[in-house]
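The values are calculated or read from the model by the stated rules, or taken from the named source; none is laboratory data. Because the structure is a prediction, the values reported are computed rather than measured. FYI the Cβ positions are ideal-geometry reconstructions off the backbone, even for glycines, and counts take in every protein chain you see. We work out accessible area using only protein heavy atoms, side chains counted, and drop any ligands, DNA or RNA first. Shrake-Rupley method; radii C 1.70, N 1.55, O 1.52, S 1.80 Å.
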Amino acid sequence: MLSGSKSSFKIKQLAPELQVNMRAKFAGTYDEKNGTLGFKCLPGEYIKQAATHVKKYVPSRCGKTFIWGSLFCTNFRISFVPQVKGHNTEKTSNQIILNREHDVVLACIDRVVGVTGQSRSKVLTANSIVRGLLEELVIYCKDFRELHFQFGYRTPQSECIQISTTIAQSYQELSTDHLLTIQRDSTTLWRFDHDSLIRKDVFGTQMFEALQDWEDELMRMGALGWRVSPVNERFDMSTSLPKYNVVPSALLDTDLQKMFTLFNERRIPRLCWHHPRGSDFLRMAYFQTNTDPEKEDMRIVEMLMLACHSQCVLVDVTDDLPNPSEIQTAHVKLRNLCMAFESSVAESDEKWLSTLENTHWLEYVRLCLKKSWEVASLLAERCLCAVLQEPEDRDLNCLVASVVQVMSEPHFRTIRGFQSLIQKEWVVAGHQFRQRLNFARDKDKEESPVFLLFLDCVWQLLQQYPTSFEFTEAYLLAVHDSTHIPFFSTFLSNSQRERQKTNQHLPSEQSYTPVNGWSNLSSRDNLLSGNYLLSKEKTSLPVVWEWSLQYDSHYQALFTNPYYSDSTANTVLNGSIDIQGTVKSDPGCIGSCSVYLLSKGSLSLQTQYLPWKTGSGPKKGSRRAHSVESLSELERSLRKKSVVPVSTDGILLPLLVGPFIRLWKRCYLRGSQGAEVVASVPDSEFLTEEMMFLQTCLKELQLSLDSYSDKKHASTETYSAFRSHFRSGPP
């Protein structure tokens, strides 16, 4: 409802009965005679406002162009339905559900800008008053997209004002209760049928929700002296840790229970990964400040933290890496810079590059890769125990632990392995996705894209080692964009316990008896044999790895790298190397360990054993370890060998200096006018058009070659068209 004078308008909230009438008005399909195409709502979705005869600017080879269509605002998303001759809206709507080219969910909107006469721009809010004629609408998204709409002369001005202000109201009024309502209403969309269960098995992603996933991972790593403990199965030891954790075999659960109170948020040391040469990789939170070493059982602490190795390296990730607040600040600066990028600005422009450097985003990427490189090198060169430390073990520990494993093991460079890694080190490990992604916009002070920084680190490795990854840049973009859609259980909760409480109203997949404990009602074998009746009734939100809910088969085909060799993917890394010198669990090694601190690329021997008393992390000792080469020397040696990164013993060692750390253009510059043409991933229609054009050129060339015996007399026009096409088209 509009109010105001002829030159200014203000939108008011509709009464409940008018909202019902609005839903009925826009339900179903528009009349094609009025110049619009049909729009179908998802289950639980309804249209709040719509505008016809709208132009949307889209990238093209010729520069800036536009398409006509209708703009819809629902309680879930903003959707533009183009009116293109031959455009099959029905097919597109059925195949791509949540991530269509012209859609953006409300939670992904960063700000809405209205442009009135004389190009006056104004950020629209829920209480905005629009003065003058509203001519354009620009929507800036958190995923670096920019949607630019222009209203045609046939669009009533009241309709322009209504759709613009409704969009501004809808995304700003998002709340936790609102998101839960939409999720509850749309659960019928996510019913798992037999086909989806088989598809999940084909993906092979380990969810690490059940005990068997942990047992399989432990067997795959070939870790000796370790076991999966169910001591936290009811989350009574720690609410943020997963149900199952990998701990030394020599420790009983009764001894383990005593250790939880010594650590922040009760996050005890536990195994992340085992190197085939005997090194063990752990992560933990800081010790509690009130812990007294003289009153605790040091034998249990040492067995838990050092895993009976003779050498232990403490890696305090807060020492060299930015904190979540600094990461958020850098990301906001990066988004503001990239969204303001103009095609007239050269990428080599010194002023623009200087501003990019001042965002510190690329510097943070380099620091994370540097720290991960140091840890990966230590694990490969020595038989030791490396322990990541962080105050709460829920942010940077997730990042470094994941990057180290991507660098070190080919399994995690496959699609199945990479998705399993995210499940293990982020989802069930307790990364606070709800606060860090801030879907409901109620945790602004805690928002931080730590997970997106991790994806950027992986992209850097992908650029330097393009044939070592099974997945492509298009796949990483899909994961990146999925974090802005608040309808996947993967990125909605802060812990496994929180996600389980959300689904308490659903049929349980486990049963508990006093004698047998917890047992799975639906295992993988049962599902494959057809016994899936219990799971078939499950209506929980899907995991993000159900890619068919977001992208069609043509787009998913872009996820796989055609140049990747899967010879290493099917090899069990820890079973392919003769493990020598592996330190097994031996109570006799307790008390004879050397503890080092990894900081600034060097190791320092600790003069004080387990210096946790201050609660601020380990203190540096006075003695230096002379057996470890500094990171700067490693960089110089790599640059002397080749300007191309070199893999050493299966480890991907990235180059960190100069231009080797690059801007992820296809992600960060895709919303800029002019840059989107180069940055965007080609869709199926573009690839089809490209293939047809190339086939036509080849046929004409072949005819010319057949007509003339001498190849020099080939068609000059066809050859020129062929060359000009590649010079003007996207790379």
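Data for the structure
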| item | result |
| --- | --- |
| The range 323-340 residues that are over 20 Å from ARG394 (Cα atoms) and in contact (Cβ under 8 Å) with a residue 12 or more places away in the chain, paired with ones that are open to solvent by 30 Å² or more (accessible area, probe 1.4 Å) and in a helix (DSSP H, G or I) (beta carbon under 7 Å, 6 or more apart) | LEU337/THR355 |
| Residues of the range 336-351 that turn out to be in contact with a helix residue (DSSP H, G or I) (Cβ under 8 Å, 6 or more places away or on another chain) and modelled with pLDDT of 80 or more, as a count | 2 |
| Residue in the range 225-255 that is most open to solvent (accessible area, probe 1.4 Å), counting only those that are touching a residue at least 60 places away in the same chain (Cβ under 8 Å) and over 17 Å from ILE300 (Cα atoms) | THR239 |
| Members of the range 470-491 found to be more than 14 Å from TRP547 (Cβ to Cβ), in contact with a Ser or Thr (Cβ under 8 Å, 6 or more places away or on another chain) and at pLDDT 90 or above, listed by number | GLU470, PHE491 |
| Pick from the range 101-119, criterion of a type in the set (Asp, Glu) and in contact with a Lys or Arg (Cβ under 9 Å, 6 or more places away or on another chain), ranking: surrounded by the most Cβ atoms within 10 Å (Cβ to Cβ) | ASP103 |
| Verdict on SER468 being small (Gly, Ala, Ser) and under 20 Å from ILE327 (Cα atoms) | no |
